[in-house]
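Read the figures in this text as sums done on the coordinates, not as results from a lab. Keep in mind the model is a prediction, meaning the values are calculated, not measured. With ideal geometry, Cβ positions are generated from the backbone for all residues, glycine too; neighbour counts draw on all protein chains shown.
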Amino acid sequence: MKILGIETSCDETAASVVELTGKGNLKLLSNEIASSLDLHAVYGGVVPEIAARSHLEHVNPIINQALKVARTNWSQIEALAVTQGPGLGGSLMIGVLTARTLSILHDKPLYGINHVEAHVYASFITEASEELNDYALPDKQPQFPILALIISGGHSQIVLFEDHFKYQVLGRTLDDAVGEAFDKVAKIIGLPYPGGPSIEKSAKEGDAERYKFPKAKLKNPYDFSFSGLKTAVLRTAQSEIGKDFTFPSHKLAEQLSKKQKVDIAASFQKTAFETLAKAMGKACREHRPKSIVVAGGVAASQELRKILSGRLSSEAIYPDIKLCTDNAAMIASHGAFQMQAGKKPADPYRLEFLPNLHMRQ
Ligand code: KG4
Ligand code: ZN
């Protein structure tokens with residue numbers, strides 16, 4: 001059973017074909033991505049209008065490319081899956097309208113997918129076609145109950161999946177997502193967007209013990225709050241150059257020394273990752289999952305993987321780095337399990353895009 005996935009929730013226009021094999025394995029046949037990242041980098045963050053325009057330009061070519069790489073034609077596609085939310089309204093609209101049109105045109109069932117849930121489904125892909133032999137995939141699919149840490153630029157949450165589509169959100173961020181905090185801190189110290197990879201690189205040269213940043217203490221031990229940490233970085237940077245809180249953040253980078261910057265990057269990164277590790281360690285002890293999955297753009301960090309491996313009851317499963325950041329394979333994967341479970345597809349004349357879609361509590 002082959003499923004075509006389409007993802008346009010943020011700055012990546014992506015399409016992918018995955019195949020659910022007879023043995024129940026998920027095989028990756030294509031994973032095409034056109035990113036508008038470079039267009040946003042000069043602004044230090046994603047500009048919604050630019051993202052939407054870029055999706056409009058790339059969505060059809062990327063779908064055709066995904067079919068071509070997968071050596072698949074429309075008659076072999078069993079269903080379509082598209083990101084319904086959460087995300088940027090204009091961006092989601094283009095993916096959803098494209099998928100609706102294709103679903104009607106080719107008479108294929110259509111599934112609307114929750115992007116945050118789908119991040120976890122990237123870890124169910126355990127095989128790839130010969131052409132995609134550079135993917136580092138897990139040996140076997142995660143087993144339920146699954147404890148999932150979903151961390152990206154838009155989301156940070158700990159979710160316990162008892163089964164497919166049956167889950168409990170144990171905690172989530174009360175303000176900034178962890179990736180968002182990386183992006184903002186990178187901006188303060190003058191590193192390029194996206195902040196995660198540039199902070200990871202810079203932190204390698206820094207002293208993670210130099211600055212003691214606070215860790216938020218919250219009523220629910222599985223909730224997160226990263227905005228206080230970001231503010232603490234800002235205040236530290238201001239005081240390091242002898243200025244008070246009125247000093248504008250966009251002028252800090254030019255005044256900080258290289259040493260101060262790498263030490264801030266390392267200390268911030270350590271604090272953020274230890275916060276995630278502490279909550280996940282506790283959740284593991286309390287819920288004793290069979291598998292642990294770490295997914296989303298921030299899961300690409302090798303440093304996070306190192307810190308987590310010392311804190312968890314068993315080795316976590318990570319999707320390949322190309323499947324951690326936004327992609328359509330995770331969307332197709334989620335769609336494949338929905339179809340296998342006999343879930344009712346959406347009405348292609350009505351499927352709405354939902355910018356504020358949440359995972360159910
Ligand atoms: O999943 P994703 O591609 O998009 C969203 O759904 O948000 O995640 C992007 C986020 C960005 O905030 C980026 O800074 C972060 O993932 N990220 C990282 C790393 N690579 C990407 N954060 C920390 N360390 C990394 N190596
Ligand atoms: Zn995402």
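Rg over Rh for segment 121-163 works out to 1.06, both radii taken from alpha-carbon positions and Rh defined as the Kirkwood radius. Between F245 and E78, the simple label model (points 7 Å from Cα in the Cβ direction) yields a spacing of 5.7 nm.
Taken over the chain, the ratio of Cα radius of gyration to 2.2 N^0.38 Å equals 0.99.
Counting only Cβ charges, +1 for Lys and Arg and -1 for Asp and Glu, the dipole size of the chain around its Cα centre is about 1040 debye. Between the Cα long axis of helix 227-240 and the first principal axis of the chain there is an angle of about 40°, rounded to the nearest 10. Here the 3J(HN,Hα) profile of segment 293-301, calculated from phi with Karplus coefficients 6.51, -1.76 and 1.60 at θ = phi - 60°, is 10, 10, 9, x, x, 5, 5, 5, 5 Hz, Gly and Pro shown as x.
Listed values for segment 200-207 are Karplus-derived 3J(HN,Hα) couplings in whole Hz (6.51 cos²θ - 1.76 cosθ + 1.60, θ = phi - 60°), namely 4, 5, 5, 5, 4, 8, x, 9, and x replaces Gly and Pro.
Checked against a 22 Å cut-off, the cross-linked pairs K282/K306; K212/K259; K243/K270; K215/K282; K251/K306 give Cα-Cα distances beyond that limit for K243/K270; K251/K306. Multiplying each eigenvalue of the alpha-carbon gyration tensor of segment 303-359 by 5 and taking the square root yields semi-axes of 32, 14, 12 Å, largest first, rounded to whole angstroms. For segment 264-335, the equivalent ellipsoid built from the Cα gyration tensor has semi-axes of 22, 18, 9 Å, listed from largest to smallest. Amide H contacts for L357 (H built 1.01 Å from N in the peptide plane; partners 5 or more residues away or on another chain; cut-off under 5 Å): G87. Close amide H contacts of I113 (hydrogens built in the peptide plane, cut-off under 5 Å, sequence separation of 5 or more or a different chain): V82, T83, Q84, G85. Mean projection of the Cα convex hull over all viewing directions, computed for segment 67-182: 9.3 nm². Model label sites at D175 and D38, defined 7 Å from Cα along the beta-carbon direction, differ in position by 3.6 nm. Applying a DSSP loop filter and a limit of 15 other Cβ atoms within 10 Å to the trypsin sites (Lys or Arg not before Pro) in segment 58-146 leaves R71, K140. In order along segment 114-129, the phi-based Karplus estimate (6.51 cos²θ - 1.76 cosθ + 1.60, θ = phi - 60°) of 3J(HN,Hα) comes to 7, 4, 5, 4, 4, 3, 5, 6, 4, 7, 7, 7, 10, 9, 9, 5 Hz; Gly and Pro are listed as x. Restricting the calculation to Cα atoms, segment 1-158 yields a radius of gyration followed by a Dmax of 15.7, 47 Å. Note on segment 78-143: Cα Rg divided by 2.2 N^0.38 Å, N the number of residues, gives 1.35. Computed from Cα positions, the angle between helix 48-69 and the longest principal axis of the chain comes to roughly 50 degrees.
Close amide-amide hydrogen proximity is noted between A128 and L28, each under 5 Å apart and 5 or more residues distant or on a separate chain (H modeled in the peptide plane; Pro and chain starts excluded). From the alpha carbon centroid of segment 15-72 to that of segment 123-192 is 18 Å. At a Förster radius of 35 Å, what calculated FRET efficiency corresponds to the Cβ-Cβ distance of R285 and S129, to the nearest 0.05? The computed FRET efficiency comes out at 0.35. Build a GNM of the chain with springs between Cα atoms under 10 Å apart, and of V169, V178, V42 the one that fluctuates most is V42.
A convex hull fitted around the alpha carbon atoms of segment 6-50 yields 74 Å³ per residue.
In the chain, once you exclude exposed chymotrypsin sites (Phe, Trp or Tyr not before Pro) (DSSP loop, at most 16 other Cβ within 10 angstrom), what's the longest stretch remaining?
Between exposed loop sites, the widest span is 44-164.
Compute the FRET efficiency between A136 and K219 as 1/(1 + (r/R0)^6), taking r as their Cβ-Cβ distance and R0 = 41 Å, and round to the nearest 0.05. For A136 and K219, the calculated efficiency is 0.60.
Using only Cα coordinates, the Kirkwood hydrodynamic radius of segment 195-304 works out to 15.3 Å.
Taken about its Cα centre, segment 187-338 carries a charge dipole of about 360 debye when Lys and Arg each add +1 at the Cβ and Asp and Glu each add -1 at the Cβ.
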